[in-house]
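We did not get these values from a lab; they are worked out from the coordinates using the rules stated. Please read all numbers here as calculations on a predicted model, not as lab measurements. Please note: Cβ atoms are built from the backbone with ideal geometry, for glycine as well, and neighbour counts cover all protein chains shown.
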Amino acid sequence: MLKRAASLATTMVMLAAVSLSLVSCAAYSSTGSAAKETGRTVLTVMAPLHFPNTPDAGVIDKLEELTGTRLSIEWVRDEIYTDKMNTALTTNSLKKATFAKYTDYILMKNSIRSGAFWEIGPYLDEYPNLRRLDPDILKQTAVDGEIYGLYTERPSSRQGIILREDWLENLGLEIPKTIDELYEVMRQFTYGDPDRNGKDDTIGLTDRDDLVFGAFKTLSSYFGAPNDWAVEGRSFVPEFETKPYMDTMNFMKKLYDEKIVNPDFAITSKDVQRNLLIRGKAGVYIGSMSDAQRLSSEAKRVDPDARFTLANRIEGPDGYKVWSIPNFNGLYLFSKTAIRTEEELREVLRFFDRTMDPDVATLMRYGIEGRHYELEGEQIYLPEESSQLRVDEVASLYTLMIADLSNPNVKKVVSQEELSELADRLIEDNEKFIVRSPSVGLESPYYDQYGAELYKIVTDATYNYILGGLDEEGFRKEIAKWRANGGDRIISEYEQAYFR
């Protein structure tokens, strides 16, 4: 059985490598026509691309004009971003400003400690907007008490369920409120001919090769799993040693065995996952509810009658629960190789400070007045008819916005698309039952150095269990391997930091 598991894991890795090589050319560089001008600060940036398109050249031109910069932005598709960033780090070819996802940042601390990035804490008070950054969030991002990054702010949890509302109506189903009801919806979306075309050509759930931001971690929180760690007495217990984690694996295994989820989900990219929903091949997407309006707009291009709705309260054994991130989902770090002097660093920080002013923040968030939005007094009106235009031309710029949720200069929306309004309301509702990770802000030097390598044991074991390559005993043996190879040391260091 273990040989089969090893073979399956090897096959998955090889397929993922092939997939990565095929899409690795999907990095984009964008500069506006203003880049041809002289006398402006040149800012190179590396950022993830979460949308099909990079920002419109006209919007970039306007951003350069307002901030007095020449921008050279390397947009890298989100699914390959971590690998691309790590390559830039190891080859010493980082941009002046490089985005680090939260899940990557916690594993980059050794590079930070080795002097690869500027410490920016002492400079923040020089800027009218940066000096107002939230001290609590800055503390969460700190490494050994020092500040290295400008954080991108996000709600505690945007996780929920996006469903085909028209399919629910075709089958006489209600929006699910429990795990059992969610399973039944996905089962009938697979076998009940929800699109009424007389063909067996749909599945319930579309998922991807990501145990965190795919379906798995959200489902595990519904089952009552802790967020990363459970604190029991004076002990840290990893989430993958808890019963709810095993319950989630069994649930996913059931979906896989019954062909309710795409069978290649363990090697499926985010783009392919999205496209299954957009093309009407799947009816449930578990992830960020903020994606609902964009997914709906793209689905209507394929089927004008496609309609979506959202659910965030799925009751499990312990009531309502949903995992949360810290209040930042990533940071911009500033390379000492790319930025040679303090004055150059100050110029880069000046750009980010300027992006928090009302005119630039409005441009980056909503686009150009009259084309992407309308202004009603001091409030923003987002017409339904320009929804796709904002996705195509503006939405990617959101990744460049720092601390936008608490920035008083970001204008409020008075009216927007129905799904966006629903998503915002449910994301706010999530705050009532979020599950925080007890390890946020704690230091484990061994985790910083070896955590990613060790976690691969867990991810491989989880996928192999779901796909049938491991039984429960085999899974627990893999977790014992994780402990023996350094997991126990990580646990000990977190316990010392938490209980001291």
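Measuring r between the beta carbons of residue 259 and residue 472 and using R0 = 22 Å, the FRET efficiency lands at 0.45.
Classify segment 159-323 as rounded, prolate or oblate, taking a ≥ b ≥ c as the square roots of the eigenvalues of its Cα gyration tensor: rounded when a/c is under 1.5, otherwise prolate if a/b is larger than b/c and oblate if not. Here segment 159-323 falls in the prolate category. Cross-link partners for residue 481 among the lysines, with Cα-Cα distance under 18 Å and sequence neighbours closer than 8 places in the same chain left out: 3, 456. Here the simple spin-label model places points 7 Å from the Cα toward Cβ, and for residue 140 and residue 424 these points are separated by 2.1 nm. If the segment from residue 199 to residue 342 were pulled out straight at 0.36 nm per residue, it would be longer than the present Cα-Cα gap by 45.1 nm. A cut-off under 10 angstrom between Cβ atoms defines the neighbours of residue 403, and their net charge, with Lys, Arg +1 and Asp, Glu -1, is -2. Seen from residue 189, the other residues with C-beta closer than 10 Å to its C-beta sum to a net charge of -1, counting Lys and Arg as +1 and Asp and Glu as -1.
Between residue 371 and residue 131, the modelled label-to-label distance comes to 3.6 nm, taking each label 7 Å out from Cα in the direction of the beta carbon.
DSSP assigns beta bridges within segment 159-323; of those with both partners inside it, close to 75 percent run antiparallel. Note on residue 169/residue 250: beta-carbon distance plugged into 1/(1 + (r/R0)^6) with R0 of 30 Å gives a FRET efficiency of 0.45. Estimated from helices alone, the mean residue ellipticity of the chain at 222 nm is -13000 deg cm²/dmol (sum of -39500 (n - 2.57) over DSSP H runs with n ≥ 4, per residue). If you count the DSSP beta bridges with both ends in the chain, what percent of them are antiparallel, to the nearest 5? So the antiparallel bridges amount to about 60 percent of the total.
Over 28 Å apart at the Cα level, from the set 270/321; 109/411; 253/321, are 109/411. Note that segment 308-403 shows a convex hull volume over its alpha carbon atoms of 179 Å³ per residue. Direction-averaged projected area, Cα convex hull, the chain: 23.5 nm², rounded to one decimal.
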